Amino acid sequence: QIQRALSLDPDHPKALALSASAAMERGDTQEALRQWQHLHRLLPPDSQTAARVASTIAQIGAPAAPVKAPVQSGGPEAITGRVTLGDKLPRTPAADETVFIYARAAEGPRIPLAVMKGRAGDLPLGFTLDDALAMRADHRLSGAGQVIVEARISQSGRAQPMQGDLIGSSGPVRPGARDVVIVIDSAH
């Protein structure tokens, strides 16, 4: 019935929420994230519902699926680049470890402005970060002056940094930067 409702109205908020919850129950995190993101884009940015959906997205991990090469975005704020592994890492990551790629303001809160995730086995990994990957409607890449792009390989698969995670980052770049290279070369 949920799928039938979505086929009649792909933007039906209740059907999207139910579909996302059902995807989580069956272990399909990527589909759940896709549904929650879709719902989040439809909601008024300052609503309590939008805040709850943003919180759910954050608890799940990161709001995007991996891409193998940079995908061009229509938004002028999009940052594109590639994440690679350094030569002298303190440990070799397993192929199924999670890679988080995110942009945060160079100054101010460390809350990610845009987030995506992939797998260590897919490295080198192309990325595009833009406003569509924002975790909160009021905290977007397009509103930042300069950002730091970071990549972290998480042994636990959790969004929260932990000891033993492998990390790398860019210097400050402006939204709209192209061909940013992130080398994962140290441990958390």
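Couple of notes before you dig in:
- When segment 38-55 is filtered for residues that are open to solvent by less than 40 Å² (accessible area, probe 1.4 Å) and not in a loop (DSSP other than H, G, I, E, B), the ones remaining, listed by number, are Leu39, His40, Ala50, Val53, Ala54.
- Residue match in segment 112-135 (condition: under 17 Å from the mean Cα position of the chain (by Cα), within 22 Å of Arg52 (Cβ to Cβ) and exposed (fewer than 13 other Cβ atoms within 10 Å of the Cβ)): no
- Residue satisfying all of: in segment 90-111; in a strand (DSSP E or B) and among the β-branched types (Val, Ile, Thr); most open to solvent (accessible area, probe 1.4 Å) among these: Thr98
- Filtered residues of segment 1-32 (kept if exposed (fewer than 15 other Cβ atoms within 10 Å of the Cβ) and not in a helix (DSSP H, G or I)): Gln1, Asp9, Pro10, Asp11, Arg26, Gly27, Asp28
- Applying the criterion of being closer than 22 Å to Gly118 by Cβ and touching a Phe, Trp or Tyr at 6+ places or on another chain (Cβ under 8 Å) to the residues of segment 36-60, the residue that is modelled with the lowest pLDDT is Ile60.
For every residue, the table says whether it meets (1) under 26 Å from Thr56 (Cα atoms); (2) touching a Phe, Trp or Tyr at 6+ places or on another chain (Cβ under 8 Å); (3) modelled with pLDDT of 95 or more.
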{"site": "Thr128", "(1), (2), (3)": "yes, no, no"}
{"site": "Ala134", "(1), (2), (3)": "yes, no, no"}
{"site": "His139", "(1), (2), (3)": "yes, no, no"}
{"site": "Ser142", "(1), (2), (3)": "yes, no, no"}
{"site": "Val147", "(1), (2), (3)": "yes, no, yes"}
{"site": "Asp179", "(1), (2), (3)": "no, no, no"}
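- Failed item in (1) within 22 Å of Gln160 (Cβ to Cβ); (2) buried (at least 18 other Cβ atoms within 10 Å of the Cβ); (3) polar (S, T, N, Q), with Gln35 passing the rest: (1)
- Answer residue from segment 138-188, given it is of a type in the set (S, T, N, Q) and assigned to a strand (DSSP E or B) and is surrounded by the fewest Cβ atoms within 10 Å (Cβ to Cβ) among those: Ser186
- Listed by first and then second residue, the pairs linking a residue in segment 77-96 that is under 12 Å from Leu123 (Cα atoms) and without any contact (Cβ under 8 Å) to a residue 40 or more places away in the chain to a residue that is of a type in the set (Lys, Arg) and assigned to a strand (DSSP E or B), with Cβ atoms under 9 Å apart and 6 or more places separating them unless they lie on different chains, are Ala95/Arg119; Asp96/Arg119.
The values are calculated or read from the model by the stated rules, or taken from the named source; none is laboratory data. All values reported here derive from a predicted model rather than from experimental measurement. Because the Cβ atoms are built from the backbone with ideal geometry, glycine has one as well, and the counts that use them run over all protein chains shown. Each accessible area value is taken on the protein alone, full model and side chains, heavy atoms only, with ligands, DNA and RNA left out. Shrake-Rupley method; radii C 1.70, N 1.55, O 1.52, S 1.80 Å.
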